[in-house]
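For reference, the structure is listed below as C-alpha cells.
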Amino acid sequence: MALQTNHNHAARGRSGRIFTAHDRAGEARISSRLGLTHEALEVGRDFDFWRYVVDSLTRGGRIDYLVCDEAQFYTRDQVDQLAKLVDELQIDVFAFGILTDFRTALFEGSQRLVELADRMNVLQVEALCWCGKRATHNARTENGVMVVEGDVILVGDVDDAGTVPADVAYEVLCRQHHRRRLTAARAKAVSLAPEPLPFG
C-alpha cells in the first residue's frame, strides 16, 4: 500500500519522499511481499522529520507528501514531527505500519499515530490466520517455536509454506491461536501426531 500510494501521487505530478525503518529488505529500502522494492530514506531513532523537510524546502526542494512505512518503529517525537508537518506546512503524510508487537502491546510509534491521526484505515487486503479467520496478531517464532518475550525490534521474515523455519520469523494469527501459541507448523504437527487412544 505504501508503494501504491507513492505511485498514485507521483503519477499526478506530486513530489514526495519515502521513509522506512527496519525493513526486511535492508537499510534504506522499502519492500513488499510481492517482490517490489523501492529506495527509501532510513529513519533512525535520531532522525528529525521536521528538520529534514525544512532543510529540503530551504534549499529549493519541493515536497508535497511523505510516505512513511514501518511507522510502528518511529519514536513518539518523530510522529509529533509528522503531525507538525501536516498542520504547519500542509504536507500530506501517509503512515503505514502495524499496531502491536508480538507480545500484543502497542508499538510506541503506533500508539502516537493512533492518538494523533486525522484518520485510520485498515488495509483492504485482509490478512488471514492459517485457520482462515481474520489475522489480528503477529507471532514471532524462533527456530520454529512461538515466543512472547524478547527484544521488541528484531527483524525477521514470514516463512514460505513448506520451507524450513528461519531462526527468527513472523506469522500472522487470529487472537485465539495467538493466545494458544498455535502456529501453522505446530497445528500441522499436532494433527499428524498419532491418535492417543486406539480406535477400531
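The values are calculated or read from the model by the stated rules, or taken from the named source; none is laboratory data. No experiment lies behind these values; they were computed from the predicted model shown. All Cβ positions, even for glycine, are placed from backbone atoms using ideal geometry, and neighbour counts span all protein chains on display. What goes into the accessible areas is simple: the full protein's heavy atoms, side chains included, and nothing from ligands, DNA or RNA. Shrake-Rupley method; radii C 1.70, N 1.55, O 1.52, S 1.80 Å.
Of all residues in segment 29-43, how many are open to solvent by less than 30 Å² (accessible area, probe 1.4 Å) and either under 27 Å from D87 (Cβ atoms) or modelled with pLDDT of 90 or more (or both)?
As a first pass, look at segment 29-43 and keep what is open to solvent by less than 30 Å² (accessible area, probe 1.4 Å): 30-31, 40, 43.
Of the ones still in play, those that are also either under 27 Å from D87 (Cβ atoms) or modelled with pLDDT of 90 or more (or both) are 30, 40, 43.
Final tally of qualifying residues: 3.
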If we keep just the residues of segment 70-84 that are surrounded by fewer than 21 Cβ atoms within 10 Å (Cβ to Cβ) and touching a residue at least 24 places away in the same chain (Cβ under 8 Å), which is farthest from the chain's Cα centre (by Cα)? K84
Quick check on segment 1-21: of everything there that is at pLDDT 90 or above, open to solvent by 40 Å² or more (accessible area, probe 1.4 Å) and part of a loop (DSSP other than H, G, I, E, B), which residue is nearest to I63 (Cα to Cα)? R14
Could you go through segment 44-51 and let me know if any residue there is buried (at least 21 other Cβ atoms within 10 Å of the Cβ) and more than 17 Å from the chain's Cα centre (by Cα). yes
When every residue in segment 114-157 that is β-branched (V, I, T) and surrounded by 15 or more Cβ atoms within 10 Å (Cβ to Cβ) is compared, the one modelled with the highest pLDDT is V147
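Residue-wise test of (1) within 17 Å of R112 (Cβ to Cβ); (2) at pLDDT below 95; (3) of a type in the set (S, T, Y); (4) not in a helix (DSSP H, G or I).
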residue	(1), (2), (3), (4)
D23	no, yes, no, yes
E27	no, yes, no, yes
W50	yes, no, no, no
D55	no, no, no, no
R62	no, no, no, yes
Among the candidates P194, P165, residue that is surrounded by 13 or more Cβ atoms within 10 Å (Cβ to Cβ), modelled with pLDDT under 70 and farther than 26 Å from V43 by Cα: P165
Boolean, V67 is assigned to a strand (DSSP E or B), open to solvent by less than 60 Å² (accessible area, probe 1.4 Å) and touching a strand residue (DSSP E or B) at 6+ places or on another chain (Cβ under 8 Å): yes
Residues of segment 87-110 that turn out to be closer than 15 Å to G150 by Cα, outside any strand (DSSP E or B) and open to solvent by less than 50 Å² (accessible area, probe 1.4 Å), as a count: 4
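Here is a yes/no grid of residues against (1) under 27 Å from G16 (Cα atoms); (2) in contact with a His (Cβ under 8 Å, 6 or more places away or on another chain):
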site: Q72; (1), (2): yes, no
site: D87; (1), (2): yes, no
site: T100; (1), (2): no, yes
site: F107; (1), (2): yes, no
site: R112; (1), (2): yes, no
site: M120; (1), (2): yes, no
site: C131; (1), (2): no, yes
site: R134; (1), (2): no, no
site: H137; (1), (2): no, yes
